[in-house]
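Trainee: Have a look at this one.
The values are calculated or read from the model by the stated rules, or taken from the named source; none is laboratory data. As the structure is a prediction and not an experimental result, all values here were calculated from the model. A quick note on method: Cβ atoms are made from the backbone with ideal geometry, for glycine too, and the neighbour counts reach across all protein chains shown. Side chains included, ligands, DNA and RNA excluded: accessible areas come from the protein's heavy atoms. Shrake-Rupley method; radii C 1.70, N 1.55, O 1.52, S 1.80 Å.
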Amino acid sequence: MRRKYTKCGAYKPERVLLFATRMFGSVVLPDARLVQRAVRMAVQLARRPGESIPQGADDPAEAKGFYRLLENDRVEADPLWTCVHESTARVLEGVPQAVVLHDTTVLMFPRRPATSGLGTMNTQAREALLMHSGLALRPDGHVLGLLHNAVWARPPKELGKAAERKHRPREDKESVKWSHGVAEAAAWRDRHSRATSLVHVMDREGDIYEDLQDLSLGRDDAVVRCAQDRAVEGGNGTIWPHMAAQPVLASRQVTVARTQGQAARRATVAVRAASVSVRPPQQCSHLPPTTLGVVWVHEPDPPAGVAPLDWMLWTTLAVDTVTRAWAVVQLYRLRWRIEDFHLTLKSGCRIEDSQLKTAERIQVLLTFCCAVAVRLLQLTHWARCAPDAPCTEVLSDLEWRLLWAYHHHLPVPRGEPPPTVREAVLMLGRLGGHLGRKGDGLPGVRCLWKAWGRFQTLVDGYHIRP
């Protein structure tokens with residue numbers, strides 16, 4: 001028996017439906033009914049992230065329809081990715097500067113020998129896909145969406161051939177993903193908002209000389225964590241001793257997040273900055289030197305037994321003052337948002353639990369899960385970026401009233417205004433186990449995806465009441 005709201009239309013999840021329609025309502029598919037089903041599937045995945053398709057569907061017929069969509073050979077991932085990226089590009093309009101975080105994650109599908117099209121990571125992980133993403137943010141940390149995704153399987157025959165890859169042409173290397181990600185993000189920006197400048201942020205894997213040179217010559221800027229002790233012209237030979245010889249511009253205190261076996265702490269770091277001319281490595285000897293800014297953030301006196309905070313950052317931005325150098329550090333600190341995105345995708349949306357039989361079908365499901373993961377991430381960080389905004393930005397009138405009544409164990413008083421986003425997120429956090437004690441801060445993304453599923457159960461219960 002179908003739930004009341006799907007049968008008679010008594011309940012329409014306005015905010016979730018608006019999200020799904022904006023994201024996939026314009027997707028180009030061979031049949032209009034497939035578009036309607038894609039929107040409906042996005043609604044259900046957004047309402048109940050992490051649940052399997054049979055659990056999230058209203059009834060067996062709807063679950064069967066979702067599986068038919070995913071297994072339909074006429075439905076490919078590319079048109080769905082186009083919708084995901086274009087929805088983000090539209091949001092860039094009116095945003096003066098956006099930060100694009102680039103990173104690669106491994107999607108593991110262990111013990112699935114019957115699933116065709118999967119690749120390998122190592123001798124122990126032989127069923128895997130890789131995904132490289134570009135996640136766009138405002139400089140204040142608010143998540144805008146995805147501007148780039150590339151998914152591929154590493155052929156098993158490539159296992160153990162890392163040394164050989166160094167001698168291949170640039171376009172034949174897997175590392176070309178970084179330049180492709182930068183180019184695609186810029187292309188989407190150019191289609192909708194040429195006035196928006198981009199700052200590309202990458203971890204150490206993105207420290208590739210050809211890419212650094214391209215970034216230094218391009219329109220947009222970049223911050224890349226240094227992985228190679230590259231030779232510099234003049235000074236002290238290579239970048240680490242050269243920066244160690246620079247004067248300390250300032251000392252700053254930063255919060256170091258909690259990690260396994262180590263509590264969150266405050267670290268005092270020394271900040272050094274300089275502009276350098278970087279020599280090309282031997283395999284790029286045909287290229288000229290590249291001028292880059294460098295910011296080195298180093299913790300000189302870490303607590304006993306704790307690894308010091310140590311970031312050497314290449315950048316195309318100006319670093320001639322303390323303020324500008326510290327702004328580069330603040331941009332790099334945003335990089336952890338993309339780690340949260342990967343965590344939400346894997347543990348919140350549980351993409352790696354998929355039982356689909358081919359890598360191509362998994363990629364179709366992946367487009368929906370990525371869109372939902374971004375939405376959960378937006379909810380998490382909205383309370384940090386716009387805490388005083390009304391919660392009606394993310395919750396319908398009915399939803400915030402149900403949340404308020406459940407949290408306070410009272411009917412909503414007549415004339416009660418909607419809570420702020422911060423207040424609503426704290427109420428939601430209680431459903432996910434957040435205690436809300438002084439010093440606890442706001443709920444994290446892991447807490448909120450658990451809370452969101454429980455909250456939707458409350459909403460369903462309200463609509464099937466006698």
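Trainee: Points 7 angstrom from Cα along the Cβ direction at residue 114 and residue 51: gap in nanometres?
Mentor: Label-label distance for residue 114 and residue 51, simple model: 2.6 nm.
Trainee: Still on this structure, please answer the following. Residues of segment 133-156 with backbone nitrogen within less than 20 Å of a virtual label 7 Å along the Cα-to-Cβ line of residue 219, please, listed as ranges.
Mentor: 134-139, 145-149
Trainee: Now, a different point. Decide, for segment 26-95, between rounded, prolate and oblate: order the square roots of the alpha carbon gyration tensor eigenvalues as a ≥ b ≥ c, take rounded if a/c falls under 1.5, and otherwise choose prolate if a/b is larger than b/c, else oblate.
Mentor: Taking the square roots of the gyration eigenvalues as a ≥ b ≥ c, segment 26-95 is oblate.
Trainee: Need one value: the accessible area of residue 204 in square angstrom, 1.4 angstrom probe, rounded to the nearest 10.
Mentor: 110
Trainee: Can I ask one more? Answer with one residue from 328, 30, 149: the one whose Cα lies farthest towards the positive end of the charge dipole of the chain, charges on Cβ with Lys, Arg +1 and Asp, Glu -1.
Mentor: With unit charges placed on the Cβ atoms, the residue in question is 30.
Trainee: Subtract the Cα-Cα distance of residue 257 and residue 90 from 0.36 nm times their separation in residues, and report this length gain in nm to one decimal.
Mentor: Full extension of this stretch gives 56.8 nm more.
Trainee: Please state the relative contact order of segment 344-466 as a whole percent: Cα pairs under 8 Å, 6+ residues apart?
Mentor: So the answer I get is 25 percent.
Trainee: Can you tell me the relative contact order of segment 255-376? Whole percent, Cα pairs under 8 Å, sequence separation 6 or more.
Mentor: 17
Trainee: Taking the Cβ of residue 299 as the centre, find all other residues whose Cβ is under 14 Å away and add up their charges (Lys, Arg: +1; Asp, Glu: -1).
Mentor: +2
Trainee: A further question follows. Placing +1 on the Cβ of each Lys and Arg and -1 on the Cβ of each Asp and Glu in segment 212-350, which of 295, 313, 347 has its Cα farthest towards the positive end of the resulting dipole?
Mentor: With unit charges placed on the Cβ atoms, the residue in question is 347.
Trainee: Say the cut-off is 26 Å between C-alpha atoms; which of 173/357; 357/450; 64/346; 64/357; 157/177 go over it?
Mentor: 173/357; 357/450
Trainee: By DSSP, what percent of the beta bridges with both residues in segment 129-261 are antiparallel, rounded to the nearest 5?
Mentor: 70
Trainee: With runs of 4+ DSSP H residues as the only contributors, calculate the mean residue ellipticity of the chain at 222 nm using -39,500 (n - 2.57) per run, divided by the residue total and rounded to the nearest 500.
Mentor: -12500 deg cm²/dmol
Trainee: Quote the FRET efficiency, to the nearest 0.05, computed for residue 275 versus residue 59 with a Förster distance R0 of 56 Å and r equal to the Cβ-Cβ distance.
Mentor: Computed FRET efficiency for residue 275 and residue 59: 0.30.
Trainee: Something else now. Relative to the longest principal axis of the chain, what angle (0 to 90°, nearest 10) does the C-alpha long axis of helix 322-333 take?
Mentor: 50
Trainee: Could I ask something else about it? Nearest 5 is fine: what % of DSSP beta bridges in the chain come out antiparallel, could you say?
Mentor: 80
Trainee: Go through 435, 424, 410 and say which Cα lies farthest out towards the positive end of the charge dipole of segment 376-446; charges sit on Cβ, +1 for Lys and Arg, -1 for Asp and Glu.
Mentor: 435
Trainee: Consider a paramagnetic label point 7 Å from the Cα of residue 15 along Cα→Cβ; state which residues of segment 385-411 have an amide N under 19 Å from it.
Mentor: Residues passing the 19 Å test: 385-409.
Trainee: Under a Cβ-only charge scheme (Lys and Arg +1, Asp and Glu -1), can you give me the dipole magnitude of segment 254-388 about the Cα centre, in debye to the nearest 20?
Mentor: My answer is approximately 160 debye.
Trainee: Compute the distance in nm between two label points, each set 7 Å from the Cα along the Cα-to-Cβ direction, one at residue 360 and one at residue 72.
Mentor: 1.5
Trainee: For the chain, what's the relative contact order in percent, using C-alpha pairs closer than 8 Å and at least 6 residues apart?
Mentor: RCO, the chain: 15 percent.
Trainee: Using unit Cβ charges (K, R positive; D, E negative) and no other charged atoms, how large, in debye to the nearest 20, is the dipole of the chain about its Cα centre?
Mentor: Charge dipole of the chain: 1400 debye, to the nearest 20.
Trainee: Can you classify segment 225-326 as rounded, prolate or oblate using the Cα gyration tensor, where a ≥ b ≥ c are the square roots of its eigenvalues, rounded means a/c under 1.5, and otherwise it's prolate if a/b beats b/c and oblate if not?
Mentor: Because a/c hits 1.5 or more and a/b exceeds b/c, segment 225-326 counts as prolate.
Trainee: Express in nm, to one decimal, how much length is gained between residue 205 and residue 301 on full extension, taking 0.36 nm for each residue of separation and deducting their alpha carbon distance.
Mentor: The span from residue 205 to residue 301 would gain 31.8 nm if fully extended.
Trainee: How large is the accessible surface per residue of the chain, computed with a 1.4 Å probe and reported in Å² as a whole number?
Mentor: Each residue of the chain exposes 47 Å² on average to a 1.4 Å probe.
Trainee: How big is segment 70-212 by Rg and Dmax over its Cα atoms, in Å?
Mentor: Calculated on Cα positions, Rg and Dmax stand at 17.0, 48 Å.
Trainee: Please list 193, 347 from largest to smallest accessible area, probe radius 1.4 Å, with all protein chains kept in place.
Mentor: Ranked list, largest accessible area first: 347, 193.
Trainee: Stretched out fully, how many nm does the piece from residue 407 to residue 324 gain, at 0.36 nm a residue minus the Cα gap?
Mentor: 25.5 nm
Trainee: Could you order the peptides 429-436, 404-411 from most to least packed, using the average number of other C-beta atoms within 10 Å per residue?
Mentor: 429-436, 404-411
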